[in-house]
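**Student:** Below is one structure. I have some questions about it.
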Amino acid sequence: MGSDCLFCRIVAGELPADEVHREPGIIAFKDIHPVAETHVLVIPERHIEDLRQLQEEDAPLWLRLAQVANVVAADLGHEEGYRFYVSVGSAGGQTVPHLHIHVMAGSMRRLPS
Ligand code: 5GP
Ligand code: ZN
């Protein structure tokens with residue numbers, strides 16, 4: 001994908017992001033419009049449009065994305081729990097068509113629409 005995908009550009013370092021975690025294949029960075037005290041997006045480096053594009057061979061990647069969500073929440077002091085959600089497609093509220101997991105914790109101002 002690349003240049004016309006916002007999150008691919010963040011992965012490539014072409015756009016700044018407040019990164020909280022990076023490892024081979026996955027990055028996590030703060031949401032630019034947080035709706036919770038902690039609001040981080042965990043994304044695969046590879047361009048995957050949404051959850052529906054995941055294939056059998058992506059099972060390890062999906063597991064690791066979930067584990068990184070756990071790690072990020074714990075690193076930011078939310079061992080007690082957090083909200084994990086994924087919007088799927090524009091009808092599901094997805095505004096950036098590059099798979100991402102929202103990690104939200106602490107006081108939440110509103111639920112995302
Ligand atoms: P969605 O609406 O697709 O579930 O989530 C997309 C999220 O990406 C939104 O919460 C939005 O605030 C966030 N976002 C959009 N553009 C940027 C950006 O340039 N940088 C960062 N860090 N977050 C962004
Ligand atoms: Zn992308």
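The values are calculated or read from the model by the stated rules, or taken from the named source; none is laboratory data. Nothing here was measured: the structure is a model prediction, and the numbers come from that model. Glycine also receives a Cβ, built like all others from the backbone with ideal geometry; neighbour counts cover every protein chain displayed. Note: accessible area is taken over every heavy atom of the protein model, side chains too, but ligands, DNA and RNA are not part of it. Shrake-Rupley method; radii C 1.70, N 1.55, O 1.52, S 1.80 Å.
**Student:** Considering only the stretch 48-74, state which residues are open to solvent by 50 Å² or more (accessible area, probe 1.4 Å) and either of a type in the set (G, A, S) or part of a loop (DSSP other than H, G, I, E, B) (or both).
**Tutor:** Listed by number, the residues that qualify are E49, Q55, A59.
**Student:** Open to solvent by less than 40 Å² (accessible area, probe 1.4 Å), among the aromatic types (F, W, Y) and at negative phi, is that true of F84?
**Tutor:** Considered against the rule, which asks whether it is open to solvent by less than 40 Å² (accessible area, probe 1.4 Å), among the aromatic types (F, W, Y) and at negative phi, F84 comes out as no.
**Student:** If you don't mind, another one. Condition test on V11, is it away from ligand 2 (no atom under 15 Å from the Cβ) and modelled with pLDDT of 95 or more?
**Tutor:** Here the answer is no, as V11 does not meet what is asked.
**Student:** Hey, could you check the stretch 89-113 for residues that are open to solvent by less than 50 Å² (accessible area, probe 1.4 Å) and within 9 Å of ligand 1 (Cβ to nearest atom) and say which is modelled with the lowest pLDDT?
**Tutor:** Top of the filtered list is P112.
**Student:** Please verify whether H78 is assigned to a loop (DSSP other than H, G, I, E, B) and touching a Cys at 6+ places or on another chain (Cβ under 6 Å), treating the condition exactly as stated.
**Tutor:** Values: assigned to a loop (DSSP other than H, G, I, E, B): yes; touching a Cys at 6+ places or on another chain (Cβ under 6 Å): no.
No: the conditions fail for H78.
**Student:** For the stretch 66-101, which residues satisfy the criterion of being within 16 Å of ligand 2 (Cβ to nearest atom) and within 17 Å of K30 (Cβ to Cβ)?
**Tutor:** Here is the first cut: in the stretch 66-101, the residues within 16 Å of ligand 2 (Cβ to nearest atom) are 86-90, 94-101.
T95, V96, H98, H100, I101, listed by residue number.
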